[in-house]
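Have a look at the structure below, then the notes.
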Amino acid sequence: MRAVLLASLVGSALSTCTPPTITGEQRLFVVEQENGKNRRTVPAIEGKVPAAQFYDYYDSCSHTGYEVAHGSVMMLYRNVLDTSNNFDVVITHGKTTHIQGGAHVDALLTGIPTGVTIAQRDDSSAEVDWTTSTVPGVITGTGPNIGGYWTMSEHSDGVALEGFPATEDWTLKVEAQFSGDAHTWTFLFGDGTTLALDMSEPVYLKPVVVPVGGSGILPYPQTDETQTYCSLADEAGGTTPLEYTFSWGDGTADTVVTQDAGKTACATHTFCQACGGAQPRQVVV
């Protein structure tokens, strides 16, 4: 059996068929709000299509499968077939076929790194586009920022942004003002869990530099910190379930996850310094 491992830069796993090779820098991502509120490490949602296909726009709606009626969802996405190892950011508002009472969102995205493009607008440049404004909901058509002016009605709205580099430092700031029948604002993680965000505060998403040397030692995470790691492997010419071994390097037992080929496997671990005396830092084996 031959498997091709498409390991996420957010976490790493060992396939029993073909172990991954980690070189250069590995990237972890953090989402948080003001003063470190709601701080969490972010396992990306992984797929084998570009961001626009993941967004799956038709009939004036997104069809990611993660839409929420009366709610807004933000997610970090990675196309594992993109050899640039860039990441994408997807935001959706509302859900098709639901009467959402004129739920409205004014948004402003700043801190966007050079090279990022709008892969999919939902619906048009009148609702989401580049802007020179620093006020949520104002769109000028050019500029370093992105403005959103979305009214959900019976459809969804949103945007897919492509090309956030995994080897540069940046901090994306998302300011969103909700009105009407907009009820929730969440961040969706690769393992399917969500983080309820404070709807009155900005959201920050940023990578964390974690150099990987020959020893595979990461200077992050810290003792007693809980993190979720995800990886996606595919088997050439087959659909046999694959076995992932997540080795934590802190003296605790490995976590073994069996998942169908082509589907994301995730494992959550709280790193322990006292368990066996090892430093809770070695994640890549």
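The values are calculated or read from the model by the stated rules, or taken from the named source; none is laboratory data. What you see is a predicted model, and the numbers here were worked out from it, not measured in a lab. Cβ placement follows ideal geometry from the backbone for every residue including glycine, while neighbour counts extend to all protein chains displayed. The area values use the complete protein model at the heavy-atom level, side chains included, leaving out ligands, DNA and RNA. Shrake-Rupley method; radii C 1.70, N 1.55, O 1.52, S 1.80 Å.
A few remarks follow.
- Straight-line cross-link partners of K48 among the aspartates and glutamates, defined as a Cα under 19 Å from its Cα and at least 8 positions apart when in the same chain: D56, D82, D88, E162, D191, D234, E235, D260.
- Across the range 126-142, rounded Karplus estimates of 3J(HN,Hα) from the backbone phi angles (6.51 cos²θ - 1.76 cosθ + 1.60, θ = phi - 60°) give 6, 9, 7, 6, 5, 8, 8, 6, 10, 10, x, x, 9, 10, 10, x, 9 Hz, Gly and Pro being marked x.
- Highest mean packing comes first when the peptides 120-132, 63-75 are listed by Cβ atoms within 10 Å, giving 63-75, 120-132.
- By average C-beta atoms within 10 angstrom, highest first, the peptides 90-96, 160-166, 52-58: 90-96, 160-166, 52-58
- Less than 5 angstrom separates the built amide H of T96 from those of S156, all sequence-distant by 5 or more or on a different chain.
- Nearby lysines by direct alpha-carbon distance to K37 (threshold 27 angstrom, same-chain neighbours under 8 apart not counted): K173, K206
- Legend: residues E46, E201, sorted from most to least accessible area (1.4 Å probe; ligands, DNA and RNA excluded), read E201, E46.
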